[in-house]
1. Return P(r) of the range 1-55 (all Cα-Cα pairs; 10 Å bins starting at 0; whole %; ordered from short to long distances).
2. Could you report the chain's accessible area per residue, 1.4 Å probe, as an integer in Å²?
3. Would you kindly state the longest site-free stretch of the chain, with sites defined as GluC sites (Glu not before Pro) in a DSSP loop (not H, G, I, E, B) surrounded by at most 12 other Cβ atoms within 10 Å?
4. For VAL94, what is the net charge nearby, where nearby means another residue's Cβ is under 10 Å from its Cβ and Lys, Arg count +1, Asp, Glu -1?
5. For the range 38-95, just say rounded, prolate or oblate: build the C-alpha gyration tensor, square-root its eigenvalues into a ≥ b ≥ c, call rounded for a/c under 1.5, and beyond that prolate if a/b exceeds b/c, oblate if not.
6. May I ask for the angle, rounded to the nearest 10°, between helix 62-75 and the longest principal axis of the chain, with both axes built from Cα atoms and the value confined to 0 to 90°?
7. In the chain, what percent of the accessible surface is made up of carbon and sulfur (1.4 Å probe, ligands and nucleic acids excluded)?
8. With point charges of +1 on the Cβ of Lys and Arg and -1 on the Cβ of Asp and Glu, referenced to the Cα centre of the range 56-101, which listed residue (VAL71, TYR82, THR98) lies farthest in the positive direction of the dipole?
Amino acid sequence: KSGQVRSTPLVYFEDEGSYVVVGSDGAAKRDPQWWKNLQVDPAGAVRIGRSQFDVTARLAAGAERERLWEVGRSVNPMWSKYQTRTKRELPMVVLTPTAKF
């Protein structure tokens, strides 16, 4: 709402040239604010080490989501635990780089 740039550290994994994050927010009842913001405007940026990339965010669904969830559970076992603690399906968000700066 404010238009201010915000930064949120997240666990991620790479998949086919994109970065995948999970909107767990520690098993909160609602999706995290960063995901709500990306739903309104899917343009964002990620910083990994010293590199920063512009990205476009999208929600993984169907078979893609299932495949990414299985990979994600091995990357961060806490995601599985969080899923059991909330009724909402944790969003699997794919961040695809659009430019590097």
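The values are calculated or read from the model by the stated rules, or taken from the named source; none is laboratory data. No experiment lies behind these values; they were computed from the predicted model shown. Every residue, glycine among them, receives a Cβ derived from its backbone with ideal geometry; neighbour counts consider all protein chains shown. Surface areas here come from the heavy atoms of the whole protein model, side chains and all, with no ligands, DNA or RNA. Shrake-Rupley method; radii C 1.70, N 1.55, O 1.52, S 1.80 Å.
1. 18, 56, 24, 1
2. In whole numbers, the chain has 67 Å² accessible per residue.
3. Answer from the scan: 17-88.
4. That sum, taken over residues with Cβ under 10 Å, equals -1.
5. prolate
6. Long axis of 62-75 versus the principal axis of the chain: about 90 degrees.
7. Carbon and sulfur together cover 50 percent of it.
8. TYR82
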